[in-house]
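Each remark here refers to the structure printed beneath this line.
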Amino acid sequence: MSEKRPLSLYLHFPFCVRKCRYCDFLSFPAGLEERQEYVDLLCGEIRQRGPEFAACEVQTVFFGGGTPSLLEPGQLGCIMQALQESFLLAEDAEISLECNPGTADRDKLAAYRALGINRLSIGLQSADDRELALLGRIHTADQFRQVMQAAEEAGFDNINIDLMSAIPGQTIESFKKSLEKVLEMRPAHLFQALFER
């Protein structure tokens, strides 16, 4: 057992294709150049702050947003390299990345897995396309199914699915259908959030 203190890291990627109507997090659309500049600055801060935590061992890393699945594999690779050079990562560290089904595909997910991401948190929110449109999501329920399949083919076996309830106009029946469709996929985790105006 390590004598070092356990540490968890949250890395925020504030960019998205467009902001969802319900989102209260710091996030906004940005071009490729702005995203790359952010990645470069983030890597610099990781390297600067790492020595402060020499007495710690990182147990979990969570890439949140925004939409971290907008990261190109090369960008994520730079971040992962900075983490590995600057922090002591536990051999079994859980490294999670939030994924929007509208911004991921088989090749990208396979590259993420190869870089050490071992858990995905996929933001479905609803399996009803009408509810997804109302929320301002950029994906459909079918795109979600394709991404789930691609994630499993890429070797991910630790997948969380985000689902929302109390969406305006949502009925108990439509929420139940979404829940049933999610449970059919047997995710490792299910996170349910209450819609709040």
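The values are calculated or read from the model by the stated rules, or taken from the named source; none is laboratory data. Keep in mind it's a predicted model, so treat the numbers as computed, not measured. Counting neighbours? That spans all protein chains shown, and the Cβs are built from the backbone with ideal geometry, glycine included. All accessible areas refer to the heavy atoms of the entire protein, side chains included, with ligands and DNA or RNA removed. Shrake-Rupley method; radii C 1.70, N 1.55, O 1.52, S 1.80 Å.
Within straight-line reach of Lys181, meaning a Cα separation under 28 Å, sit the following lysines at least 8 residues removed in sequence or on another chain: Lys19, Lys108. Would you mind pulling out the separation of the Cα centroids of region 31-51 and region 147-197, in Å? Here the answer is 32 Å between Cα centres.
Each of the peptides 66-78, 172-184 was scored by the mean count of other Cβ atoms within 10 Å over its residues; in descending order, highest first, they stand as 66-78, 172-184. What do you get for Rg/Rh of the chain when both radii come from the Cα atoms and Rh is the Kirkwood radius? So for the chain, dividing Rg by the Kirkwood Rh gives 0.99. With θ taken as phi - 60° and the Karplus curve 6.51 cos²θ - 1.76 cosθ + 1.60 applied, the whole-hertz 3J(HN,Hα) list for region 88-97 is 8, 8, 4, 4, 9, 4, 8, 10, 9, 9 Hz, x standing for glycine and proline.
Trypsin sites (Lys or Arg not before Pro) within region 1-63: which are DSSP loop residues with at most 16 other Cβ atoms inside 10 Å? Here the trypsin sites (Lys or Arg not before Pro) that fit, given the DSSP loop and packing criteria, are Lys4, Arg18, Lys19, Arg21.
In this label model, Arg106 and Thr171 are separated by 3.7 nm, measuring between points 7 Å along each Cα→Cβ vector. The heavy atoms of Thr140 offer some 50 square angstrom of accessible surface to a 1.4 angstrom probe.
Taken along the Cα-to-beta-carbon direction at a fixed 7 Å, the label points for Asp129 and Glu45 span 3.9 nm.
The simple spin-label model puts a point 7 Å past each Cα toward its Cβ; for Leu179 and Leu32 those points are separated by 4.4 nm.
Listed by chain and number, the aspartates and glutamates placed with their C-alpha closer than 14 angstrom to that of Lys177 are Asp128, Asp129, Glu131; residues fewer than eight positions away on the same chain are left out. For region 76-176, the relative contact order is 31 percent, taking Cα pairs closer than 8 Å that sit 6 or more residues apart in sequence and dividing their mean separation by the residue count.
Report the full-extension gain for the segment Glu153 to Leu11: residue separation times 0.36 nm, less the Cα-Cα distance, to one decimal in nm. List each step's numbers first, then the result.
Details: separation 142, 0.36 × 142 = 51.12 nm, distance 2.60 nm.
Full extension from Glu153 to Leu11 adds 48.5 nm.
Charge dipole (Cα centre; +1 on Lys/Arg Cβ, -1 on Asp/Glu Cβ; no other charges) of the chain amounts to roughly 440 debye.
Residues Val17, Val147 ordered from highest to lowest accessible area at a 1.4 Å probe: Val17, Val147.
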